[in-house]
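I have placed the structure first, in the form of structure tokens, so that the comments after it can refer back to it.
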Amino acid sequence: MSDEIVNRVASSVLITIDLADYAPEQSIANFDLKDFLFEEIFLKEKEFRGKLKSFDFSIYTGKMVALNCSSDAIVPMWAYMLATSYLNQVGTEIHFGTKEEVFQKIFTDNIDSINASEFENKKVIVKGCGQIPLTESLYIAITKKLQNTVSSLMFGEACSAVPVLKNK
């Protein structure tokens, strides 16, 4: 009998997916229409247009932008269109929502873009913890993506994985 310690996890056929690998790489800047409203409460068209026109949009050059209005004001749709037209001029990637909502949307889109066939008939573990706080919607997205492709899907770490599903 050998006294050699063998790492069975490292030599197993398990594939570990760390969802953090699919997090948006680019930071997200916020563009809040509230700052362009009269007293941050309601939109006066002439004043709104003037503030947008005089604003230095270059600070958003090449950035991903979350466009939203954090006040309870009723903002007409054209106001978002107008702000978008200015942001487009400096080469931004624009999404509606708060920074957190846009982060989750891009994160989910990245998971949706996974080529599921790479995991066909494989045993896959989705890592349970890491550096980035992950939401339930991300775990739902990866499960939906891989459910009909993998032979088994588990959650956690190889040493203590929780079985989620097994395909025959």
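The figures follow:
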| item | result |
| --- | --- |
| In the stretch 17-55, the residues that are in a loop (DSSP other than H, G, I, E, B) and within 22 Å of Val102 (Cβ to Cβ) | Asp18, Ala23, Pro24, Glu25, Gln26, Ser27, Leu37, Glu40, Phe55 |
| Condition check for Ser71: among the polar types (S, T, N, Q), over 20 Å from Ala20 (Cβ atoms) and in a loop (DSSP other than H, G, I, E, B) | yes |
| Candidates Ser152, Ser137, filtered to the one that is on the phi < 0 side of the Ramachandran plot, touching a helix residue (DSSP H, G or I) at 6+ places or on another chain (Cβ under 9 Å) and at pLDDT 90 or above | Ser137 |
| Residue count for the stretch 12-35, restricted to those that are among the hydrophobic types (A, V, I, L, M, F, W, C) and touching a Gly at 6+ places or on another chain (Cβ under 7 Å) | 1 |
| Within the stretch 104-126, considering residues that are surrounded by fewer than 16 Cβ atoms within 10 Å (Cβ to Cβ) and closer than 11 Å to Leu138 by Cα, the one farthest from the chain's Cα centre (by Cα) | Asp112 |
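The values are calculated or read from the model by the stated rules, or taken from the named source; none is laboratory data. None of the values given here were measured: they were computed from a predicted structure. With ideal geometry, Cβ positions are generated from the backbone for all residues, glycine too; neighbour counts draw on all protein chains shown.
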